[in-house]
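The values are calculated or read from the model by the stated rules, or taken from the named source; none is laboratory data. Not measured: the values here are computed from a predicted model. When we count neighbours, we look across all protein chains shown, and the Cβ atoms used for this are built from the backbone with ideal geometry, even at glycine. These area figures cover heavy atoms from the full protein model, side chains too; ligands, DNA and RNA do not enter into them. Shrake-Rupley method; radii C 1.70, N 1.55, O 1.52, S 1.80 Å.
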Amino acid sequence: MECEYNGKERKLNPYKLINNSGIWYLLTDDDGKLKNFTLSKIKHIKIKGDTFTANAEFLKRIEKNDTNWFSDAKFATDNDKRIRG
């Protein structure tokens, strides 16, 4: 599918619809990264006749995840600094 999200044109491969506290998200492959997109912010959706081969690693992550939230973002907290010394 093609769409606009936050002013940027994107080509997404959708995997799952997620409802989290009444807000709908679309879990997609966006340029090789598994990401959540707020469904209400997706604009100008174009459904193409294209198909895609599901990424096996993404499917494993989706199956194992019980929070319905996916992110590759990494961050440190103050606790991390204290633990590392």
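Data overview
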read-out: Check on residue 62, modelled with pLDDT of 95 or more and touching a strand residue (DSSP E or B) at 6+ places or on another chain (Cβ under 8 Å); value: no
read-out: Subset tally (residues that are open to solvent by less than 100 Å² (accessible area, probe 1.4 Å) and in a strand (DSSP E or B)) for the stretch 1-16; value: 10
read-out: Odd one out for residue 26, checked against (1) open to solvent by 40 Å² or more (accessible area, probe 1.4 Å); (2) under 9 Å from the mean Cα position of the chain (by Cα); (3) modelled with pLDDT of 95 or more; (4) not polar (S, T, N, Q); value: (1)
